[in-house]
1. Out of all the residues in the range 3-17, which are assigned to a loop (DSSP other than H, G, I, E, B) and either within 17 Å of PHE40 (Cβ to Cβ) or free of Cβ contacts under 8 Å to residues at least 24 places away in the same chain (or both)?
2. Pairs needed: first member in the range 84-111, over 30 Å from GLU54 (Cβ atoms); second member anywhere, in a loop (DSSP other than H, G, I, E, B); C-beta distance under 7 Å; at least 6 residues apart or different chains.
3. Look at the range 18-52 and say how many of its residues are in a loop (DSSP other than H, G, I, E, B), touching a residue at least 12 places away in the same chain (Cβ under 8 Å), under 30 Å from ASP81 (Cβ atoms) and of a type outside the set (Val, Ile, Thr).
4. Report yes if some residue within the range 10-29 is over 18 Å from ARG103 (Cα atoms), open to solvent by less than 80 Å² (accessible area, probe 1.4 Å) and among the aromatic types (Phe, Trp, Tyr); otherwise report no.
5. Scan the range 45-60 for residues that are open to solvent by less than 30 Å² (accessible area, probe 1.4 Å) and either β-branched (Val, Ile, Thr) or modelled with pLDDT of 90 or more (or both) and report the count.
6. Considering only the range 53-63, state which residues are in a helix (DSSP H, G or I) and not polar (S, T, N, Q).
7. For residues that are basic (Lys, Arg) and touching a helix residue (DSSP H, G or I) at 6+ places or on another chain (Cβ under 9 Å), scanning just the range 18-72, find the one that is nearest to ALA104 (Cα to Cα).
8. Provide a single number: the residues in the range 75-112 that are of a type in the set (A, V, I, L, M), under 15 Å from ILE12 (Cβ atoms) and over 15 Å from the mean Cα position of the chain (by Cα).
Amino acid sequence: LRAIHDLQHVMIGHLRDSLGELCLLSFMKTQTPSRAIVFFILMGRSKGQKENPELDLKPLDQEGREIGQSAEWMLFTRWEDRLHEPLDKVREEFGFTPPSKYRAALEALEGSQMIRTQAAA
């Protein structure tokens, strides 16, 4: 699981920021259920809500789970044999849907950070 963590980021489209990590954990929870992952999600959502109270993280958690439920299981694939293939083709084959709620949240956060920066100046 640790070996394909970064590959999961690429395949699903979540960046390696804290919000992307949280969304990826929601995906992982459906692909490889674990109480530890659930704990990390709960802690991450709590911290994320405190840092960004204007952002509702529940839909992002739901989106990650939905992507994980609709996608093929990643662990049975020999990824070293697939790395040369076009990313869009592999994403489509595995059923990875673009994380639109995550992308919208990133845009909202970027906008609110820009407003905070301008207000501070």
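The values are calculated or read from the model by the stated rules, or taken from the named source; none is laboratory data. Note that the structure is a prediction, hence the values are computed from the model and not measured. As a convention, Cβ positions derive from the backbone with ideal geometry for all residues, glycine included, and neighbour counts pool all protein chains shown. Heads up: the accessible areas ignore ligands, DNA and RNA and are worked out on the full protein's heavy atoms, side chains in. Shrake-Rupley method; radii C 1.70, N 1.55, O 1.52, S 1.80 Å.
1. First, pick out the residues of the range 3-17 that are assigned to a loop (DSSP other than H, G, I, E, B): 13-17.
The answer is HIS14, ARG16, ASP17.
2. Note: pairs meeting the criteria are VAL90/ARG82; PHE94/ALA71; PHE94/GLU72; GLY95/ALA71; GLY95/GLU72.
3. Counting residues in the range 18-52 that are in a loop (DSSP other than H, G, I, E, B), touching a residue at least 12 places away in the same chain (Cβ under 8 Å), under 30 Å from ASP81 (Cβ atoms) and of a type outside the set (Val, Ile, Thr) gives 0.
4. Going through the range 10-29, the residues over 18 Å from ARG103 (Cα atoms) turn out to be 28-29.
The next check asks that each one be open to solvent by less than 80 Å² (accessible area, probe 1.4 Å); those that pass are 28-29.
Narrowing the set further to residues that are among the aromatic types (Phe, Trp, Tyr) leaves none.
No, that holds for no residue.
5. 2
6. First pass over the range 53-63, keeping only residues in a helix (DSSP H, G or I): 58-63.
Across the range 53-63, the qualifying residues are LYS58, PRO59, LEU60, ASP61, GLU63.
7. Selected residue: LYS58.
8. 3
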